[in-house]
Amino acid sequence: MLEIKATETLQEGSIFGQITSMDHEQLVVCHDQATGLKAIIGIHNTILGPALGGTRMWPYASEKEAITDVLRLSRGMSFKNSLAGLNLGGGKAVILGNPKLKNEAFLRRFGRFIESLGGRYVTAEDVNMNTADMEYIRMETKHVAGLPQIKGGSGDPSPVTAFGTYMGMKAAANKAFGSDSLQGKKIGVQGVGQVGKYLIEYLIKEGAEVLVTDIFEDKLKQVAKATGALAVDPNLIYDLQMDIYAPCALGATVNDETIDRLKCRVIAGAANNQLKDEEKHGKILMEKGIIYAPDFLINAGGVINVGAEYLGGYHKDIVFKQTEKIYDTCLSILNKAESENIPAQQAAIEVAKARIEAMGRVKLPF
Ligand code: NAD
C-alpha cells in the first residue's frame, strides 16, 4: 500500500500546505472546455453559515497566483463576515482569464458549479464582475446575491461600503485625536471609484479638507469638481502631510516602499488587503503610532448589504443601521489592540475567530 507521509502533504507552497496553514475547508477547481471557464472556489469556513464572498475575474499570471489570491480573499471573508455579526461563513471565487471571455454560457456554466456545492458557497460581485453577470449565474443557482434592484436584488453595495468605512474612520479618529469629528481634518482618499466617491461626500459634508487622487485624470478632475475636494497626483499621496490616509483603490499599498513615507496618524479605507504583509506591516504601523482601522472590519458594509439580500427580508434602513455598528466594533478592537499592545489587525482577527469558535460550540449536534 502506498504510504503518504504527513510531511509530504504539508510542503510549503503545496496546495495542502497552503490550505492547512490558512485553515481552509475546501478548494474547488472548476473547468469547462467548451466555454474556456477556469475557476477556483475557496471555502474557508462554514461554521457561521454558507460561505459568502464575491467572484473576481482576473488574468492571473499563473495558477499559483490565482490560488494564493482565492485563499487569502476567502479567509478574509470569514473574518469580515464574523466581525459584521453575520451568520455567514467565508468564501471567495476567482475566474482565471480575460474578462472578455465572459458570455452567457460561460457565466451559466460557472453558476452550475456553484449550484453543485449545494449552498456551501454563495457568490456576488467582485473585481470585473457586475450585476448583469450575477443575473446569468442566477439562472443556474439561487446561491448568488448582488442582483440588480429592479430584479429584486440589493443593487450596488458601494454606498453602504462607503458608509461603513466612514463609520470606521470616525472610530479610528476618536482613538487617535480624542474626538470622532472629522471637521478640519486633512484626509487623503486614494481612488475615486464606486466607494471613494461616496466616501468623499460624507467627508466633505462633515467639513474635512479632502485630498483625492486616481490614476484616471478625467475621472479625478470630475469627482474633485463635483465634491469640492482637491485633486493631487497619484504618486504624491504617500508623501503628503495629512491626518488620515484612506486607501480606496488597490490592496497592498501599505508596504516596504510606502510605510516610511506615510505621515498620517490614521489609516482607514475601503480597499481590501491594505497591508502587503499582514504581520510585518501591522506591527510597524503600531510601532510608528499610526492607528490602523482593519480593512476587513470597516469595509463590511457591502457584504452586510448582499448578505441581507441572500438571507432574505432585505431592508435598506436595517442594512445601514447594521453597518453603523462598525463604529463600535472598530473602537472596541482598537481599544483591545492598545490595552494588549498588539497590532489592530491581530486584535480584529482574534475577535473574529473567537466568534466563529463560540458559534461552533453553540452548533454542537446535541
Ligand atoms: P472601483 O474600481 O470602482 O474604484 C477603484 C478606483 O481606484 C478606480 O477609480 C481606479 O482608477 C483607482 N485606482 C486604481 N489604481 C490606483 C492607484 N494606483 N492610485 C490611485 N487610484 C487608483 O472600486 P470600488 O468598488 O470603489 O472599490 C474600491 C476598493 O474597495 C477595492 O479595493 C475593493 O476591493 C474594495 N471594496 C469595495 C467594496 C464595494 O462595495 N464596492 C466592498 C468592499 C471592498
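The values are calculated or read from the model by the stated rules, or taken from the named source; none is laboratory data. All values derive from a computational prediction rather than experimental measurement. Because the Cβ atoms are built from the backbone with ideal geometry, glycine has one as well, and the counts that use them run over all protein chains shown. With ligands, DNA and RNA removed, areas are computed over all heavy atoms of the protein, side chains included. Shrake-Rupley method; radii C 1.70, N 1.55, O 1.52, S 1.80 Å.
Tabulated data for the structure shown
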item	result
Calculated log₁₀ intensity ratio I(q)/I(0) where the Debye formula runs over C-alpha points of segment 173-226, q = 0.13, 0.16, 0.27 Å⁻¹	-0.32, -0.47, -1.05
Largest to smallest accessible area among 216, 113 [probe 1.4 Å]	216, 113
Cα-based radius of gyration of segment 126-200 once divided by 2.2 N^0.38 Å, which approximates compact folds	1.48
Choice from 130, 98, 255 with maximal GNM fluctuation in the chain (Cα, 10 Å cutoff)	98
Listed peptides 274-280, 309-315 by packing density, highest first (mean Cβ within 10 Å)	274-280, 309-315
Calculated P(r) of segment 209-366 - Cα pairs past 19 Å, %	63 percent
Residue (of 234, 292, 281) at the positive-pole extreme of segment 231-301, dipole from beta-carbon charges	292
Proportion of all alpha-carbon pairs of segment 143-276 beyond 24 Å (%)	28 percent
Long pairs among 263/283; 175/316; 175/219, criterion Cα-Cα beyond 22 Å	175/316; 175/219
√(5λ) per eigenvalue of the Cα gyration tensor, the chain, largest first, Å	32, 24, 21
Inter-label distance for residue 127 and residue 357, nm, one decimal - labels placed 7 Å from Cα along Cα-to-Cβ	3.3 nm
Per-residue [θ]222 nm for the chain (sum of -39500 (n - 2.57) over DSSP H runs n ≥ 4, rounded to 500)	-14000 deg cm²/dmol
Accessible-area composition of segment 208-366, carbon plus sulfur, in percent [1.4 Å probe]	54 percent
Rounded accessible area per residue of segment 130-224, 1.4 Å, Å²	42 Å²
